[in-house]
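What follows is a set of notes on a single structure, which appears directly below.
The values are calculated or read from the model by the stated rules, or taken from the named source; none is laboratory data. Please read these numbers as outputs of a predicted model, since none were measured by experiment. Don't worry about glycine lacking a Cβ; one is built from the backbone with ideal geometry, like all the others, and counts go over all protein chains shown. The accessibility values were calculated without ligands, DNA or RNA, using every heavy atom of the protein model including side chains. Shrake-Rupley method; radii C 1.70, N 1.55, O 1.52, S 1.80 Å.
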Amino acid sequence: MSEVQERAYGPSWFAATAVAARPRRRLAGDVDVDVCVVGASIAGLTAARELARRGWSVAVLEARHGGAAASTPHLGLVAPGFAEEIDRIVARVGADHARALWALSAAGAAQVRATIAETGMAGVLGAAGELIVQTVDDADSCRAYASQLAAFGADAEVWPTDRVRAALDSSAYFQAVHVRDAFLIHPLNYALGLAAAAEEAGARIFENARVTAIDGEGVRKRVESESGRVRAAHVVLAAADESGRLNPLLSGTTITLARHLAATAPLDEQLAACVGFSGLVSHRRPSLARYRAEGGRLLWASPLGLAQSPPLGFSRRVARQIAQLYPPLRGVAVTHAWTATATYAVHKMPQIGALAPGLWLAGAFGDHSVNTATMAGDLIARAISEGDDRWRLFSPYELVWAGGLLGKAVTMIALRGLRARTWIGGALARGARASRPPRSEIAAAVQASPPLSPAPAATAGEGAANVNIAAAPHAGRKPRRPAPPTAGKAARRARAPRAKSAAGAPVSKPNGHDKSGEAGDPGAG
């Protein structure tokens, strides 16, 4: 990648090793299309490509450069699942519903692999597998976790301590769960390839086209940018950093966390002697790092935090942490340091659905984002083009206020103070801790439960009367802000108001699941 492109995409190792990016023009004047996608993120580009392939005219407006929104806190991991933990999903929506959600996430991961193969993307597909390692000796917990993943269809196996240490030469590790159907990609190259594939299908992508306002009223929506305007029947909000600014319903419903990342100088034989696993290594303790070996280097991701840029001495800190795990790598040099952000809703599940007729939302994927963003883009494309309403499976996960400045303060305290097990989402939501059965019981319940029947597709006439984002608040009203917790009492639940139909009557949910439940640690994804 050229020096100009590195400045455009940041100082990351992924930018330094990216394929050449195609320059795109800025929006000028008025454009009239079927669908306008705001944000050239993986979700936005997936929706644009899938709609264009079905014959719909599509314009994508990106505030920066195509693919720049493909953040990398996950280090390129693609795997089934969500940022939220399985047992909390089951506790909230039930085993059969949770299994249906998991199946959608797995389809998103499969679609990423299929897209890479179909388009022949260069420099994208990496090693297979994720190794989730334990830093405490607890074989029972490891087996229960693997059993839970397997109950949802994941290809997971337990590695005993001796096998783990044969692959990772560190006395800090004990048992691990090997997720064999996970795989790694070069996330920026994938986003650039996806943008090219969307254009090849017929979509138009405009760069440096920052959206200033959206008028979502009427049959034809208007999307205003600094240099032009797009009129469209459907608008897809897929720009995580911009959605709250562009739609008041979304303001304050998410919080942005960051991981600081680093790439070491080439280590070659030294690294191969210490790290013999080619996939992603993740810690069960979310307050610890994750890393992958790539091209003779070690790519390192710190725990989640609020700071949007690497702290002073970050490179030295990374070198110390690597040396603590692998003493032979003491004194390693760091050549690249950068920050990647991830947007979370309080409940740690994606925000997917219809805010109003023709106005769609795809966001809040956390740092378990490649598969979920792909899933979201495909679900919305199918909803627009085919009336497929499987996005309603996310209805129990509402637009919930994330706490504003107080929420950020609580998040910072939780991130800094709870090392063994942080639980940011629960503190933000003021939600009471839901009692959860052991993982082994959850796995057994999932295996015994019948599959969830797909929701019937909505007809064209139903779309306007049954307005529902994966739980949209009443039009024109911000999500309800929960009162601050009272000392000595259980925290109050955060609930969004029920959506209403055009006639003003409450809209019945496609399911009647209880909305209670706690969102856990964003680092567990």
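A few remarks follow.
- Number of the exception - Ser369 against (1) of a type in the set (Gly, Ala, Ser); (2) open to solvent by less than 10 Å² (accessible area, probe 1.4 Å); (3) within 30 Å of Ile214 (Cα to Cα): (2)
- Listed by first and then second residue, the pairs linking a residue in region 38-62 that is among the polar types (S, T, N, Q) to a residue that is not in a helix (DSSP H, G or I), with Cβ atoms under 6 Å apart and 6 or more places separating them unless they lie on different chains, are Ser41/Ala69; Ser41/Ala238; Ser57/Val33; Ser57/Asp34.
- Qualifying positions in region 45-59 - touching an Asp or Glu at 6+ places or on another chain (Cβ under 8 Å) and open to solvent by less than 10 Å² (accessible area, probe 1.4 Å): Thr46, Ala47, Leu51, Val58
- Top-ranked residue of region 156-187 - restricted to ones that are within 21 Å of the chain's Cα centre (by Cα) and open to solvent by 30 Å² or more (accessible area, probe 1.4 Å), ranked as farthest from His368 (Cα to Cα): Arg180
- Boolean, Leu306 is surrounded by 19 or more Cβ atoms within 10 Å (Cβ to Cβ), touching a Leu at 6+ places or on another chain (Cβ under 9 Å) and among the aliphatic types (A, V, I, L, M): no
- Among (1) touching a residue at least 60 places away in the same chain (Cβ under 8 Å); (2) touching a strand residue (DSSP E or B) at 6+ places or on another chain (Cβ under 9 Å); (3) farther than 30 Å from Ala18 by Cβ; (4) open to solvent by 20 Å² or more (accessible area, probe 1.4 Å), the one test that Ala127 misses: (3)
- Flag if Ala364 is more than 29 Å from Cys142 (Cβ to Cβ) and surrounded by 24 or more Cβ atoms within 10 Å (Cβ to Cβ): yes
- Condition check for Ala20: open to solvent by 30 Å² or more (accessible area, probe 1.4 Å) and without any contact (Cβ under 8 Å) to a residue 24 or more places away in the chain: yes
- Ala144 being more than 24 Å from Leu298 (Cβ to Cβ) and not in a loop (DSSP other than H, G, I, E, B): yes
- When Phe277 is tested against (1) within 27 Å of Glu398 (Cα to Cα); (2) open to solvent by 10 Å² or more (accessible area, probe 1.4 Å); (3) touching a Leu at 6+ places or on another chain (Cβ under 6 Å), exactly one condition is not met: (1).
- Scanning region 155-187 for residues that are in contact (Cβ under 8 Å) with a residue 40 or more places away in the chain and farther than 20 Å from Leu125 by Cα returns Ala166, Ala167, Leu168, Asp169, Ser170, Ala172, Tyr173, Phe174, Gln175, Ala176, Val177.
- One residue stands out in region 316-327 among those that are free of Cβ contacts under 8 Å to residues at least 60 places away in the same chain and open to solvent by 50 Å² or more (accessible area, probe 1.4 Å): the one that is farthest from Glu130 (Cα to Cα), namely Arg316.
- Flag for Arg316 being of a type in the set (Lys, Arg) and within 25 Å of Asp162 (Cα to Cα): no
- Qualifying residue in region 188-209 (condition: of a type in the set (S, T, N, Q), open to solvent by 30 Å² or more (accessible area, probe 1.4 Å), in contact with a Ser or Thr (Cβ under 9 Å, 6 or more places away or on another chain) and touching a residue at least 40 places away in the same chain (Cβ under 8 Å)): yes
- Test for Thr161: is it more than 30 Å from Arg25 (Cβ to Cβ), of a type in the set (S, T, N, Q) and in contact with a strand residue (DSSP E or B) (Cβ under 9 Å, 6 or more places away or on another chain): yes
- Single condition Leu257 does not satisfy, out of (1) hydrophobic (A, V, I, L, M, F, W, C); (2) open to solvent by 20 Å² or more (accessible area, probe 1.4 Å); (3) over 30 Å from Glu118 (Cβ atoms): (2)
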